[in-house]
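Working notes, structure below.
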Amino acid sequence: MALAEEWRDRGYYVIFQEDYVVLFPRGSGNCYKTLVDEGKWMRHDDEFEEPWVKFEPSKKEKTNFEEIATKCYCFSLGGGICDYCSGEKLPSD
């Protein structure tokens, strides 16, 4: 089982967008996503295996993820997800 904090320790921002959880890398690397599926996403701790899917974000998505990353304060929470990564606030807020 991989919680958001564990994914952050592996170098990803954990961003919730609509029905998906997106693993957006700090620095460079691949993006991965899977359905939230009522929290079942946490059962899958290997981004290289299904149900995680590697994807190339559109220019608009990448810009949005980068803006969220600049506002993210998850790392200072110790656990949990900040308002930007959870989708409760937009980066422009």
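The values are calculated or read from the model by the stated rules, or taken from the named source; none is laboratory data. For clarity, every value in this text was computed on a predicted model and none was experimentally measured. All Cβ positions, glycine included, derive from the backbone under ideal geometry; neighbour counts span all protein chains shown. The area values use the complete protein model at the heavy-atom level, side chains included, leaving out ligands, DNA and RNA. Shrake-Rupley method; radii C 1.70, N 1.55, O 1.52, S 1.80 Å.
A few remarks follow.
- When each of the peptides 63-71, 13-21, 51-59, 76-84 is scored by the mean number of other C-beta atoms lying within 10 Å of its residues, the order from highest to lowest reads 13-21, 63-71, 76-84, 51-59.
- CD proxy at 222 nm, helix term only [per DSSP H run n ≥ 4: -39500 (n - 2.57); per residue of the chain; nearest 500]: -6500 deg cm²/dmol
- Between residue 6 and residue 63, the FRET efficiency estimated from the beta carbon spacing at R0 = 30 angstrom works out to 0.65.
- Cα centroid separation - the stretch 52-89 against the stretch 1-44, whole Å: 9
- Between residue 46 and residue 83, the distance separating the two model label sites (each 7 Å from Cα on the Cα→Cβ line) works out to 3.9 nm.
- Cα gyration tensor shape for the chain, rounded if a/c is under 1.5, else prolate or oblate: rounded
- Residue ranking by accessible heavy-atom surface, 1.4 Å probe, largest first, among 90, 3 comes out as 90, 3.
- For the chain, the dipole from Cβ point charges (+1 on Lys and Arg, -1 on Asp and Glu) about the Cα centre works out to 340 debye, to the nearest 20.
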